[in-house]
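The values are calculated or read from the model by the stated rules, or taken from the named source; none is laboratory data. Quick caveat, the model's predicted, so the values are computed rather than measured. Cβ placement follows ideal geometry from the backbone for every residue including glycine, while neighbour counts extend to all protein chains displayed. Accessible surface areas use protein heavy atoms only, side chains included; no ligands, DNA or RNA. Shrake-Rupley method; radii C 1.70, N 1.55, O 1.52, S 1.80 Å.
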Amino acid sequence: MTCLDHPHKKPNEVEQLKSKLLMQVAWYCLFLHAMLILIFLFVEVELLAVFNVLSVATWWFGIKLLQRDHLSLALRIFSLEVTAHSIVVCVLIGTEYGFQFYLWAASCLLLLDVQLKLKQAVIWCTTIIVLFAYTYVGFAHPPYVIAYHEYAPYIHFLNVVVCGIPMIYTIGLIREITINQRKELETLAAHDSLTHLFNRRYALGLIQRAQKSCATQQTPICVVMADIDHFKRVNDRYGHERGDEVIFRVSGQLKQHLNSADIGVRWGGEEFLLVLPNCSLAEAQKRIENIRQAVEAMSFNADDLHVTMSFGIALWRSTQSFESALKHADIALYNSKHKGRNTLTVAPESV
């Protein structure tokens, strides 16, 4: 069973926002149809007034479906109602008043139904647009000429505006929802969930591009492996929750000492990788020493909890592969551990 099929999965936020948005549009349309009842009675087209009573009932039923989370069914009912209403009005009073433009709204509503397959949605929407085009040919001689016919151009203008506003509002907000969700997904895909540093998979691409840029500009780049000292003891003595706090706090210190071009990665467990473009070996040593001191000075709620880090630094030469530079930094880290931890060591090959 996938996470999408699990009965206790978190509700889809986009669909919830879409449902809320459509609820607002539905109330707008219900009110509009209620007004049309009075308008058609005033211009003495009683048949259209009766039809709008049915439209109000349909939108009310659709609102009840939205309240019960039947979004797909509500969208299809709304699209059917708008299509039928537009065609009936054009049949009876023609296209001079602009009611055919609501067919565009019906096609947009169908495209919002994610449970409808794309091919089916395209077929239905194309059918609706063909109906829109046909209204100008098939309904040129309507049986009714309503009172105040001289105001037809103004009613036409008003219908286009009334139809267009909810379409723009709906599609515009869904666009923003989609953009925000895409940014969130990109962030989740690129970062470690605990530390908010880059994860290994995403960082590898950044690292290769950073090295290529430094090689082109002939500027130095350093690779640093870092590890929290005696982290297993922290987990064993204080528990994994406190261990996660330590990792989170330490990663915060790392981020405070990295600039925008640097690449900080949670390499695995309590191990971190730092890649410092445009940074000489001497500058890297100075910066890493600042990080070491900052981590050593950290305090925790548990008075007897003291955290330190060990570091291995390697200069990544342009002739080296990333794996080779990483191996040298890893050996330097091992030497820091061997020397008693809470220190930094430069790989001999980098000197």
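Residue-wise, which Karplus ³J(HN,Hα) couplings in Hz belong to region 52-60, taking 6.51 cos²θ - 1.76 cosθ + 1.60, θ = phi - 60°, and x for glycine or proline?
Values per residue, Gly and Pro as x: 6, 4, 4, 5, 4, 5, 5, 5, 5 Hz.
Listed here are the pairs LYS64/LYS117; LYS212/LYS339; LYS212/LYS337; which of them are more than 27 Å apart at the Cα?
Details: LYS64/LYS117 24 Å; LYS212/LYS339 34 Å; LYS212/LYS337 31 Å.
Checking Cα-Cα distances, LYS212/LYS339; LYS212/LYS337 exceed 27 Å.
Over its Cα atoms, what ratio of radius of gyration to 2.2 N^0.38 Å does region 63-183 give?
On the way: Rg = 16.2 Å, N = 121, 2.2 N^0.38 = 13.6 Å.
Working it through for region 63-183, the quotient is 1.19.
Which value, in Å², gives the accessible area per residue of the chain when a 1.4 Å probe is used on the protein heavy atoms? Present the calculation step by step, with values, prior to reporting the outcome.
Values: 19710 Å² over 351 residues.
Per residue, the chain has 56 Å² of solvent-accessible surface.
Can you pull the accessible area of ASP244 for me, 1.4 Å probe, Å² to the nearest 10?
The value for ASP244 is about 70 Å².
Hey, of (1) 63, 43, 40; (2) 94, 45, 35; (3) 97, 48, 35, which did the structure itself give for Cα extents along the principal axes in Å when calculated?
Of the labelled values, this structure produces (3).
Using helices alone, I'd like the mean residue ellipticity at 222 nm for the chain: each DSSP H run of four-plus residues gives -39500 (n - 2.57), total over residue count, nearest 500.
Calculated mean residue ellipticity at 222 nm is -21500 deg cm²/dmol.
Quick check: residue separation of HIS240 and ALA147 times 0.36 nm, minus the Cα distance between them. What number comes out in nm?
On the way: separation 93, 0.36 × 93 = 33.48 nm, distance 7.87 nm.
Once the chain is fully extended between HIS240 and ALA147, it gains 25.6 nm.
Enter the Cα centre distance for the pair region 22-54 and region 69-104, rounded to the nearest angstrom.
12
Between ALA190 and THR178, how many nm apart are label points set 7 Å from Cα along the C-beta direction?
Once both label points are built, they end up 2.1 nm from each other.
Quick check: at a probe of 1.4 Å, how many percent of the accessible area of the chain sits on carbon and sulfur atoms? Don't skip to the answer; put the middle values down first.
On the way: 12040 of 19710 Å².
About 61 percent, which is the carbon plus sulfur part of the accessible surface.
Using alpha-carbon pairs under 8 Å, 6+ residues apart, how would you state the relative contact order of region 279-351 in percent? All intermediate terms of the calculation are to be shown ahead of the outcome.
Values: 100 pairs, mean separation 23.8, N = 73.
Once normalised by length, the contact order is 33 percent.
Which ³J(HN,Hα) values in Hz, rounded to whole numbers, follow from the phi angles of region 19-26 under the Karplus curve 6.51 cos²θ - 1.76 cosθ + 1.60, where θ = phi - 60° and Gly and Pro get x?
Ordered by residue, 3J(HN,Hα) equals 4, 5, 5, 5, 4, 5, 5, 5 Hz.
When only DSSP loop residues count, what trypsin sites (Lys or Arg not before Pro) in region 53-110 have their Cβ near at most 13 other Cβ atoms within 10 Å? Don't skip to the end; give the middle numbers.
On the way: sites: LYS64, ARG68, ARG76; in loops: ARG68.
Qualifying residues, ordered by number: ARG68.
How big is the gap, in Å, between the Cα center of region 294-351 and the Cα center of region 149-199?
48
Output the relative contact order of the chain, whole-number percent, from Cα pairs under 8 angstrom with separation of 6+ residues. Intermediate results must be reported in sequence, preceding the final value.
Numbers: 460 pairs, mean separation 42.6, N = 351.
Computed value for the chain: 12 percent relative contact order.
So what's the net charge close to THR343: Lys and Arg +1, Asp and Glu -1, counting the other residues with Cβ under 12 Å from its Cβ?
Numbers: positive: ARG292, LYS337, LYS339, ARG341; negative: ASP227, ASP229, GLU289, GLU296.
Once positives and negatives cancel, what remains is 0.
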